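Here the structure comes first, spelled out in structure tokens, and everything after it is commentary.
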Amino acid sequence: MTPKINKKPLSIFVKNIFVMFKGTLIAQIIAAISSIFIAKIYGSEAYGVLSVFISLSSIASIFNSLQLDNYIVICRDRLTRNHWFNFLFLLIPIIAIIGTVILLPFYVFFFDKKIENSILILAILSSIFLSYNKTHEFFLTSYKKFSPISFSKILLVLINVFFQFTFYVKFKIYGLVYSSFISIFIVTLYYSFKNRVYFKIIDFNIVKENITKNKSILTYLLPSRFINNLASQSIPLFIYAFFSLQDAGVYFFSQKILTMPLFIISSSISTVYFEKATSLMQTSKKELFLATKKIITFNVLIMFVFLVLINTVGIYILEILLTESWINLRLYFLILSFLVLCRSSFSPISNIMVVLDKNNISLLFNIYLLIVNIIAFYIGFVKNDLTYTIYILSFLGGIGYLTLAFYFLKTIKKQSII
């Protein structure tokens, strides 16, 4: 009888992953094919502007929710979960205003008039919508409703691609930013419609009680995630500030293409894994260890095959299709492949830090990444050569992700024995 008890939840787990994988795969196939043509017609400078927009909005979005949206998934009480859901929609725009005041001097110091101020405004609004979308996703995850999340991936890409081609005629530099903003906003409207019945009056006493119970989220997870996002998303910003907009565009495009399969895997597995790992921590830590080990092995093998193909056949095709403005594309692909492969060992299971309440480890790791970034850019700036920066980012960052994956796998195994 015991095997039957374990088999059922595992099959549901696999089914939920497939639901997410289907939507994400379709979305990324569309994005992959269209991105080559988009890169050809817009050029590296437009991608540089897009990288600045994406970086600013992504960094701010992590701060907006104070990472309290994670509690929606790990909370077992439905009533409390619903109040937190509504509370976050009130909290996010307030924190966004505070975040804007903090980041504004940074923007003024680093950036000149090459990029319009309207991009900063759109990035702030986009950060709010991104935070709303993540809150919606976690809320749907807590109810094991993965189909709407899967569909939103397709919706986002379809709208984005449509407007990318539409706006090119009139907005040859900023069209990618406008299309990205519109697609994020429409997904927010879609999620709001799907969850409309859950919008209720907030009981602040319930919210206050649970903030006290989850101090580690604010103490460790928030600064950890913010530093991690700052370390990864600020790279195009610093490339633009210290080198050029074209360099930022080539780096951003290289990273986008290389991480597409990783994004498919992470988007398909991480959300389902988060919910499943939370459940298995209470029922079967041994099963959690086996599932985590299989996911890591699968991710690394898939990414290894893809990276070999993209650095041989793939780059050859891209160099034929793209214009001469995409300088060093082949070199960036090769250097960054090590970092992407190492990231694939941990990114899809990264929510295990929340499940195991190891947010302090997350904070230490992300401080390490930030230090690596500072060292890499300092050396690259002194040498006046961006390749030095990318070499250091890829090698030291990759080693860090591998170490983190082995640490958490060992931790889960040790707890499964106890």
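The values are calculated or read from the model by the stated rules, or taken from the named source; none is laboratory data. Bear in mind the structure is a predicted one, so any value in this text is a computation, not a measurement. Neighbour counts run over all protein chains shown; Cβ positions are idealised from the backbone, glycine included. Surface accessibility is based on the protein's heavy atoms, side chains included, excluding ligands, DNA and RNA. Shrake-Rupley method; radii C 1.70, N 1.55, O 1.52, S 1.80 Å.
Miscellaneous remarks
- Hits in segment 217-248 - residues which are surrounded by 15 or more Cβ atoms within 10 Å (Cβ to Cβ), hydroxyl-bearing (Ser, Thr, Tyr) and part of a helix (DSSP H, G or I): Tyr220, Ser224, Ser232, Ser234, Tyr240
- Of the residues making up segment 297-355, those that are surrounded by fewer than 16 Cβ atoms within 10 Å (Cβ to Cβ) and of a type in the set (D, E, K, R) are Glu319, Glu324, Arg330.
- Restricting the first member to segment 143-169 and to residues that are touching a residue at least 24 places away in the same chain (Cβ under 8 Å), and the second to residues that are in a helix (DSSP H, G or I) and among the basic types (Lys, Arg), the beta-carbon pairs closer than 7 Å and six or more apart or on different chains are Pro148/Lys194; Ser150/Lys22.
- Applying the condition of being farther than 28 Å from Met353 by Cα and among the charged types (D, E, K, R) to segment 37-70 and asking which residue is least open to solvent (accessible area, probe 1.4 Å) yields Glu45.
- Any hit, segment 136-144, residues being modelled with pLDDT of 85 or more, in the same structural domain as Ile92 (by the TED database) and not hydrophobic (A, V, I, L, M, F, W, C): yes
- Checking Ile173 against (1) assigned to a helix (DSSP H, G or I); (2) hydrophobic (A, V, I, L, M, F, W, C); (3) touching a residue at least 24 places away in the same chain (Cβ under 8 Å); (4) closer than 21 Å to Gly249 by Cα, the condition it does not meet: (1)
- Only one of Thr166, Thr188 that is in contact with a helix residue (DSSP H, G or I) (Cβ under 6 Å, 6 or more places away or on another chain), β-branched (Val, Ile, Thr) and in a helix (DSSP H, G or I): Thr188
- Set Thr411, Thr403: member being out of contact with any helix residue (DSSP H, G or I) (no Cβ under 6 Å at 6 or more places or on another chain), more than 20 Å from Asn328 (Cα to Cα) and in contact (Cβ under 8 Å) with a residue 40 or more places away in the chain: Thr411
- Of the set (1) modelled with pLDDT of 85 or more; (2) open to solvent by less than 60 Å² (accessible area, probe 1.4 Å), all apply to Phe165 but (2).
- Whichever residue in segment 197-240 is of a type in the set (A, V, I, L, M, F, W, C) and in contact with a His (Cβ under 8 Å, 6 or more places away or on another chain) and, among such residues, is modelled with the highest pLDDT: Ile202
- Tabulated pairs, segment 284-308, first assigned by the TED database to the domain that holds Ile412, second open to solvent by 70 Å² or more (accessible area, probe 1.4 Å), C-beta under 6 angstrom, 6+ apart or interchain: Phe289/Lys413
- Of all residues assigned to segment 122-130, none qualifies as being within 22 Å of the chain's Cα centre (by Cα), at pLDDT 75 or above and on the phi > 0 side of the Ramachandran plot.
- Flag if Ile257 is open to solvent by 10 Å² or more (accessible area, probe 1.4 Å), in the same structural domain as Ile375 (by the TED database) and at pLDDT below 75: no
- So Ile206, is it part of a helix (DSSP H, G or I), of a type outside the set (Gly, Ala, Ser) and either outside the structural domain of Ser147 (by the TED database) or under 20 Å from Phe138 (Cβ atoms) (or both): yes
- Among the residues making up segment 371-401, those that are surrounded by fewer than 17 Cβ atoms within 10 Å (Cβ to Cβ) and part of a helix (DSSP H, G or I) are Ile371, Ile374, Ile375, Tyr378, Ile379, Phe381, Val382, Lys383, Thr387, Phe395, Ile399.
- Of the candidates Phe185, Phe171, the single residue that is open to solvent by 40 Å² or more (accessible area, probe 1.4 Å) and over 19 Å from the mean Cα position of the chain (by Cα) is Phe171.
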